[in-house]
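These notes concern the structure reproduced below.
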Amino acid sequence: QVQLVESGGGLVQPGGSLRLSCIVSGTIFSRANMAWYRQGQGKQRELVAGINSLGVINYSDSLKGRFTISRGNPKNTVYLQMYSLKPEDTAVYYCNARFWSSDIAYWGQGTQVTVSS
């Protein structure tokens, strides 16, 4: 059973940084296409960044330059480093895993990021 567990969220002041982590179990992590999504209150879930099993990365155009996605295959972990955070970055951040051979999407439980002074 594929499981994703996010961590690293919290309260941060505007201009601050956070690093989110997502540990994946129950599958061969190196074959997973990973992504981070976020959902603000009253908003639709949106893609933040993705990194596929080949290491190809894509970012939301609006977030490019402030957020960095990476993966550590030996640790079965995907990271999201966030810089220069703004109040509008406040959201629940979700980890997502997909595989080339399947239409199934796996989700973590989410981690809350709140940017406020």
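The values are calculated or read from the model by the stated rules, or taken from the named source; none is laboratory data. As the structure is a computational prediction, the values presented were derived from the model and not from experiment. Reconstructed Cβ throughout: ideal geometry from the backbone, glycine too, with neighbour counts over all protein chains shown. Surface areas here come from the heavy atoms of the whole protein model, side chains and all, with no ligands, DNA or RNA. Shrake-Rupley method; radii C 1.70, N 1.55, O 1.52, S 1.80 Å.
Springs between alpha-carbon pairs under 10 angstrom, Gaussian network model over the chain: which of Ser30, Ser17, Ser102 fluctuates most? Fluctuation is largest for Ser102. Each residue of segment 77-88 is assigned a 3J(HN,Hα), and the resulting list reads 10, 10, 10, 9, 8, 10, 10, 6, 5, 10, x, 6 Hz, derived from the Karplus form 6.51 cos²θ - 1.76 cosθ + 1.60 (θ = phi - 60°), x at Gly and Pro. Across segment 97-110, computed HN-Hα scalar couplings (Karplus, 6.51 cos²θ - 1.76 cosθ + 1.60, θ = phi - 60°) run 10, 9, 10, 4, 8, 8, 8, 6, 10, 10, 10, x, 7, x Hz from first to last residue, x flagging Gly and Pro.
The phi torsions of segment 52-59, fed into the Karplus equation with coefficients 6.51, -1.76 and 1.60 and a -60° offset, translate into couplings of 8, 5, 8, x, 6, 10, 9, 10 Hz, rounded to whole numbers, with Gly and Pro shown as x.
Amide H contacts for Gly16 (H built 1.01 Å from N in the peptide plane; partners 5 or more residues away or on another chain; cut-off under 5 Å): Leu85. Considering only Val48, Val92, Val56, the mean-square fluctuation computed in a Gaussian network model of the chain, springs between alpha carbons under 10 angstrom, is largest for Val56. Note that segment 39-90 presents 58 Å² accessible area per residue, ligands and nucleic acids not counted, probe 1.4 Å. Positive contributions from Lys and Arg (+1) and negative ones from Asp and Glu (-1), summed over other residues with Cβ under 14 Å from the Cβ of Val24, come out at +3. Take the alpha-carbon centre of segment 1-36, take the same for segment 47-117, and report the distance between them in whole Å. Using only Cα atoms to place each centre, the spacing works out to 7 Å.
Give me the percent relative contact order of the chain, please, defined on Cα pairs under 8 angstrom at least 6 residues apart. The partial results should precede the final answer.
Numbers: 283 pairs, mean separation 42.5, N = 117.
Once divided by the residue count of the chain, the mean separation gives 36 percent.
Which lysines have a Cα less than 26 Å from the Cα of Lys86, not counting those fewer than 8 places away in the same chain? Hits, sequence-local ones excluded: Lys43, Lys64.
On the basis of the beta-carbon distance and an R0 of 25 Å, Thr114 and Leu47 show a calculated FRET efficiency of 0.75. Among the protein heavy atoms of the chain, carbon and sulfur supply 48% of the accessible surface, probe 1.4 Å, non-protein parts ignored.
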